[in-house]
1. Give me the percent relative contact order of the range 96-153, please, defined on Cα pairs under 8 angstrom at least 6 residues apart.
2. I need the per residue convex hull volume for the range 21-91, using only the alpha carbons, in cubic angstrom as a whole number.
3. MET154: accessible area at probe 1.4 Å, nearest 10 Å²?
Amino acid sequence: MIQVRPLLESTLSGVVNALFPDRCFECQCRLAPSSEAALLCDDCADLLPALEMSCPRCGVPMSNGQLCGQCIARPPKWRAAAAVWCYEGLSKALIQRYKFRGELRYERGLLQVMGELGRRYRQSWADVDMVLPVALHPLRRARRGFNQSEPLAMAFAEGLGARCVMTAVERQRHTRHLAYGLSRKERRRVVRRAFSVVEDVRDKHLVLVDDVMTSGATLEALSDALLKAGAASVRLAVLARTPAPHRGS
Ligand SMILES: [Zn+2]
Ligand SMILES: [Zn+2]
């Protein structure tokens with residue numbers, strides 16, 4: 001008699017392996033089966049651009065770990081920013097692959113990284129009441145199929161030991177379209193009005209989570225909206241931070 005079950009099981013695991021091959025994202029070598037949610041082999045993991053020294057306020061890489069010139073000249077609305085990597089090279093490739101193709105294997109690995117970042121801040125950010133994902137416009141969310149900052153916010157909140165609130169902020173307008181051709185000041189106003197705070201954030205210490213922080217314009221607008229709604233403070237946590245500061249642009 002043919003053993004159907006083992007055959008079926010091996011076929012299934014073959015399909016699963018084909019869909020989610022445990023291979024290094026960079027060099028495609030096979031990863032050890034024990035490595036949980038690994039994205040890279042040990043050699044390639046060394047290539048990730050870790051963000052070791054950065055401006056404590058905006059997270060931009062700074063070799064001395066001091067406040068950057070931008071934050072001294074024009075302090076941002078948020079209190080502090082935490083990031084795992086610089087957004088370049090391998091970290092950029094990984095995040096883009098996850099964000100635009102929604103590949104679950106990469107999600108698992110990135111969530112683990114975000115959880116570790118939360119744990120790293122457990123003591124110094126112990127006053128945090130709520131962790132919030134950056135809301136995507138409903139149209140963009142529908143097009144992409146998911147909002148990458150939601151699972152990241154959940155993982156960070158779990159690591160930090162704080163509550164994650166998914167629906168604290170709603171995004172009203174498709175800002176990129178509306179902001180096209182406007183001056184910097186007008187654009188900021190449009191972006192700020194794009195968010196409406198629907199959760200009671202009064203006197204709460206908040207963390208906003210996103211995958212990447214580039215110009216910071218959206219995060220600044222969102223921080224502004226939350227502070228106007230009575231939040232006590234806003235901090236940021238992202239997977240990666242662009243190397244050069246272009247805040248407000
Ligand atoms: Zn590798
Ligand atoms: Zn700074």
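The values are calculated or read from the model by the stated rules, or taken from the named source; none is laboratory data. In this text, all values refer to a predicted model and were calculated from it rather than measured experimentally. For the accessible areas, the whole protein counts, side chains as well, though only heavy atoms, and no ligand, DNA or RNA atoms are used. Shrake-Rupley method; radii C 1.70, N 1.55, O 1.52, S 1.80 Å.
1. Rounded, it is 37 percent for the range 96-153.
2. For the range 21-91, the hull spanned by Cα atoms encloses 109 Å³ per residue.
3. Its heavy atoms expose roughly 100 Å² to the probe.
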